[in-house]
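Contents: one structure, followed by commentary.
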Amino acid sequence: MCHDWLFSVKAIKQRNEVRERKVIEMANYLRAKEGKIVMLRHIVFATLANSMSSMMVSRDLIDIEREFDLFPTLDGLLWFWERRKATKLHQEFKSLWGKVIEERREEKCVREAPSQDLLDALIYNGFCNDKICALLMEMLVAGTFTSCITIEWLMAELIKNQGVLHKLQDEIENTVDGDIKNASYGHMPYLQACLKETLRLHPPTLFGVPRRALETCTVKNYVIPKDSVILVNNWALARDPVTWDEPLKFKPKRFLESKLELKGNLQFEFIPFGAGRRICPGLNSATAHIGRIVSLLVHCFDWVLPEGINQNDLNMTEKLVLTVYMKEPLSLIPRSRT
């Protein structure tokens, strides 16, 4: 059901208008903040969260103009998998959306209408409020968390690598023909290469989905007993010097010269979304959101580091909680280009 309403190719196309509206709201907010320091991850998270919540329940989750006070921001979600904090977060979410669910139930009693969003579908299929809240929370985290982290890493790498930034700006300008609404991720190979290189160098999750060994086997002289839980180290695979030339350098060009795709391949040297039957179902949704947001950030704004910080001093230290994110949030000053 979630796949049909949120992650299928059909759903992504049908909800382009919602995604576009939220990205434009982000641009307007950034223009209002021109010349001031902004913490990029909070703005991107609000945009992604509102896009997802609009698709799920036809309502915004965060009031970006009120500085994100309606719901815990990314910093709160970083501890989503710690039981005590996750329980508290779930209670806050229930309190926030409980009334929305009840209002929708009452509307359904008054009038019969086709399902317009995921919430309608969940109610129609008999889900109770607790299960609806849990599912919406899970979809929110899945649909925003890693995408937000990836966009922050990508923008940080662009700030540090100005040549790559300028090349990407040129590609976007040549593609959109003066109107950023014409930006199409599928028609911008250098943007795709920048995203792939970001996911290689900064995979949002260290390990893929756990697998179980169906039988005892030997891999490179290691005996793996039957029923062992197997974790694939995406971070190590993507930095293996045997596979990658200068693996610690940000070089999007490497993906222009290869056929590696985000969905992985048989060699498994690059599997940021997993591979096979258990590949991440949100791959297409994530690339649609990331491509659209990064296109706007790069095309519509020049980005300046706060006074006293130059691109070589940018702190790229990683921190691992639920995912691998920037220990020091990326703070930038936007200056409108259009």
TODO: Can you spot the lysines whose alpha carbon is less than 28 Å from LYS94's alpha carbon? Ignore those fewer than 8 places along the same chain.
DONE: LYS22, LYS85, LYS108, LYS131
Task: Ranked list, fewest to most other Cβ atoms within 10 Å of each Cβ, for ASP177, ASP170 - done: ASP177, ASP170
- [ ] Provide the gained length on full extension for the span ASP170 to ARG277, in nm with one decimal, where the gain is 0.36 nm per separating residue minus the Cα-Cα distance.
- [x] 34.8 nm
Task: the chain: relative contact order in percent, alpha carbon pairs under 8 Å with at least 6 residues between - done: 24 percent
Task: Segments 7-18, 238-249, 215-226, 51-62 sorted - mean Cβ within 10 Å per residue, highest first - done: 51-62, 7-18, 238-249, 215-226
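Run the dipole for the chain about the Cα centre, Lys and Arg Cβ at +1, Asp and Glu Cβ at -1, nothing else charged, and hand back the magnitude in debye, nearest 20.
Details: 46 positive and 43 negative charges, 157 e Å.
So the dipole magnitude of the chain works out to roughly 760 debye.
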Open item on the list: Let me make sure I get this right: for segment 2-336, a, b and c are the square roots of the gyration tensor eigenvalues over alpha carbons, sorted descending. Under 1.5 in a/c it's rounded, otherwise prolate if a/b > b/c, else oblate. Which is it?
Closed with: oblate
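Counting other beta carbons within 10 Å of each Cβ, put LEU262, LEU214 in order, fewest first.
Numbers: LEU262 18, LEU214 8.
Ascending number of Cβ neighbours within 10 Å: LEU214, LEU262.
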TODO: Enumerate the helices in the chain for which the Kyte-Doolittle hydropathy averages -0.5 or more and the C-alpha atoms extend at least 27 Å along the helix's axis, using complete DSSP H runs.
DONE: 129-160
Open item on the list: Just want the ordering: CYS194, CYS280, from fewest to most Cβ atoms lying within 10 Å of their own Cβ.
Closed with: CYS280, CYS194
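Every read-out reported here was derived from the displayed coordinates using simple, explicitly stated rules and does not represent laboratory data. Keep in mind that this is a model prediction, so the values were computed, not measured. All Cβ positions, glycine included, derive from the backbone under ideal geometry; neighbour counts span all protein chains shown.
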